[in-house]
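Visitor: Structure provided below as structure tokens; questions to follow.
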């Protein structure tokens, strides 16, 4: 899928504003939110994913610790 570059002159107070007449696409985040909106743990795909992220955030663990946890086959079988 290719993308089209659109250039339009703008005044300094309108930088970053949507260009009138050009359809705006949803971001990946917005697409995930819409697809998973019925789930209490959206945008995560499962309650387990939500719990791991919540634990990592609230425990202030480092990325290295999270990666070590996810490298355990029983914790995340598709990570390895």
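Readers should treat all values here as calculations from the given coordinates under stated rules, not as data from a laboratory. Quick caveat, the model's predicted, so the values are computed rather than measured. Cβ atoms come from the backbone with ideal geometry, glycine included; neighbour counts cover every protein chain shown.
Visitor: Determine, for 55, 41, the number of other Cβ atoms within 10 Å of each Cβ, and report the residues in order from fewest to most.
Guide: Ascending number of Cβ neighbours within 10 Å: 55, 41.
Visitor: Simple spin-label model, 7 Å along Cα-to-Cβ: residue 74 to residue 58 in nm?
Guide: That separation, rounded to one decimal, is 2.3 nm.
Visitor: Just rank 58, 69, fewest to most, by other beta-carbon atoms within 10 angstrom.
Guide: Neighbour counts put them in this order, fewest first: 58, 69.
Visitor: Shifting gears a bit: Measure off 7 Å from each Cα along the Cα-to-Cβ vector at residue 19 and residue 34, then give the distance between these two points in nanometres to one decimal.
Guide: 2.1 nm
Visitor: What ranking, highest mean first, results for peptides 45-52, 25-32 when packing means the other Cβ atoms within 10 Å averaged over each residue?
Guide: Result, highest mean Cβ count within 10 Å first: 45-52, 25-32.
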